[in-house]
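The values are calculated or read from the model by the stated rules, or taken from the named source; none is laboratory data. What you are looking at is a predicted structure, and each value in this text was computed from that prediction instead of being measured. Because the Cβ atoms are built from the backbone with ideal geometry, glycine has one as well, and the counts that use them run over all protein chains shown. Each accessible area value is taken on the protein alone, full model and side chains, heavy atoms only, with ligands, DNA and RNA left out. Shrake-Rupley method; radii C 1.70, N 1.55, O 1.52, S 1.80 Å.
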Amino acid sequence: MPQSENLRIVLASRPEGRPKPENFRLEHVAIPAPSDGEVLLATRYLSLDPYMRGRMSTAKSYAASTEIGEVMTGGTVGEVLESRHPDFKPGDFALSHSGWQSHAVAKGAELRKLDPSTAPLTTALGVLGMPGFTAYAGLLTIGQPKPGETVVVAAASGPVGSAVGQIARIKGARAVGITGGPEKCAYVRENFGFDAVVDHRDPDLVAKLAAACPNGIDVYFENVGGHVWDAVFPLFNMFARIPVCGLVAQYNATGEFPGPDRLPVLMRQVLSKSLTIRGFIQREFAEAQGPVFRQEMAGWITDGAVKYKEDIVEGLQNAPEAFIGLLEGKNFGKLVVKL
Ligand SMILES: NC(=O)c1ccc[n+]([C@@H]2O[C@H](COP(=O)([O-])OP(=O)(O)OC[C@H]3O[C@@H](n4cnc5c(N)ncnc54)[C@H](OP(=O)(O)O)[C@@H]3O)[C@@H](O)[C@H]2O)c1
């Protein structure tokens, strides 16, 4: 039976440190009606991503904060229920940014139609979507891996990290992954084909990472920061490139980062090793590289050069708990909520 109400999750309050369930509120509201040029979508899949932690805070960032009482932001795959746009009809699927809710009205011109016969719909939120593109654009544009070089990436079992390592190998580089726990380490080595994997929870992380990178590090794709950065930093080669993509270990931080001030040592290394450190937000590259990415990545998936793993949680009401776990490594693969 079709649902008669829109189920949605709004930001109830701003978290201090680790988000808690009470920072979110589940609401039942009326399903909106589309105007000319719009479609009504029923959300089938919602993407949960680390960047959402930033939207819950008021700290200055590249994107506006979610307001208290506003629907949590998020990428979605929706099914068209009603269309007032000529390109869409009921039953079509579309990539949208409808957020944490079961129904939404969207402008047809802002949607990308998806064909479920060419790729599973969930991949539009993962390997063929924003996270896969982040890996592709950040690694190839800033990291520029060369054959025989060593590329290191943490959060290596997730959608960004797993794609970084696999693309590095396609380009002839050696991929070294860092991830949390033996199960994830084994998966990254055996299923994603990384050349070596190190567990960041291992008390011997520094020595194990050095042993996994006998020729030093040429590209470090920074996803996490924190204690992983401390282990990576001494291993940089001359002219190493460091795309700074994310700092998930720091997203829930409250006070100052513990330990000594690292800046003077970092600046000395930047100078003496001619390091390139460049932050980026994937959308900087989206217009120029999006279409070629989708084509190339689809080809790599078809020929088996790139594999992906998804972690699918059932039910919108379970999104807050799943999201809280994402920031602590409880997800295993691209985290998606099925509605
Ligand atoms: N710049 C951009 O445009 C852009 C776009 C998309 C994503 N990103 C960033 O890319 C990174 C990866 O995103 P994703 O979607 O692929 O996430 P993900 O890997 O699915 O999830 C985050 C992972 O981070 C790891 N982690 C959490 N706390 C950690 C800690 N203290 N130390 C080490 N690892 C920790 C956990 O994996 P383990 O179990 O392996 O520890 C967790 O599973 C994030 O920083 C995200 O913000 C940036």
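One table, with the values for the structure above:
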quantity	calculated
Net charge over other residues, Cβ less than 12 angstrom from the Cβ of Gly333 (K, R count +1; D, E count -1)	+2
Longest site-free stretch - the chain; sites: GluC sites (Glu not before Pro), DSSP loop, at most 14 other Cβ within 10 Å	71-255
Three-way shape label, the stretch 1-151, alpha-carbon gyration tensor, a/c 1.5	oblate
Cα-based shape type of the stretch 1-80, given that a ≥ b ≥ c are square roots of the gyration tensor eigenvalues and the cut on a/c is 1.5	prolate
Dipole magnitude of the stretch 146-284 about its Cα centre (Cβ charges: Lys, Arg +1; Asp, Glu -1), debye to nearest 20	420
Ratio Rg/Rh [Cα only; Rh per Kirkwood] for the stretch 1-44	1.13
Among beta bridges that DSSP assigns inside the chain, antiparallel share in %, nearest 5	55
Long-range HN-HN contacts of Gly279 with modeled amide H, under 5 Å	Val244
Contact order normalised by residue count of the stretch 185-317, Cα under 8 Å, 6+ apart, percent	20
The stretch 45-59 - phi-based ³J(HN,Hα) in whole Hz, Karplus 6.51/-1.76/1.60, Gly and Pro as x	9, 10, 8, 10, 9, x, 4, 5, 4, x, 5, 7, 10, 9, 4
Counting all C-alpha pairs of the chain, share separated by more than 26 Å (%)	50
Carbon/sulfur fraction of accessible area - the chain, other protein chains in place, 1.4 Å, %	55
Accessible-area value, Leu205, 1.4 Å probe, nucleic acids and ligands omitted, Å²	10
Filtered trypsin sites (Lys or Arg not before Pro), the stretch 52-118: DSSP coil and at most 12 other beta carbons within 10 Å	Lys60
Highest-fluctuation residue, Val105, Val29, Val160 considered, GNM on the chain with Cα pairs under 10 Å	Val29
For the stretch 210-339: rounded, prolate or oblate by the Cα gyration tensor [a/c cutoff 1.5]	oblate
Principal axis box of the stretch 168-285, alpha-carbon based, largest edge first, Å	38, 34, 32
Solvent accessible area, Å² - Asp230, 1.4 Å probe, full protein context	60
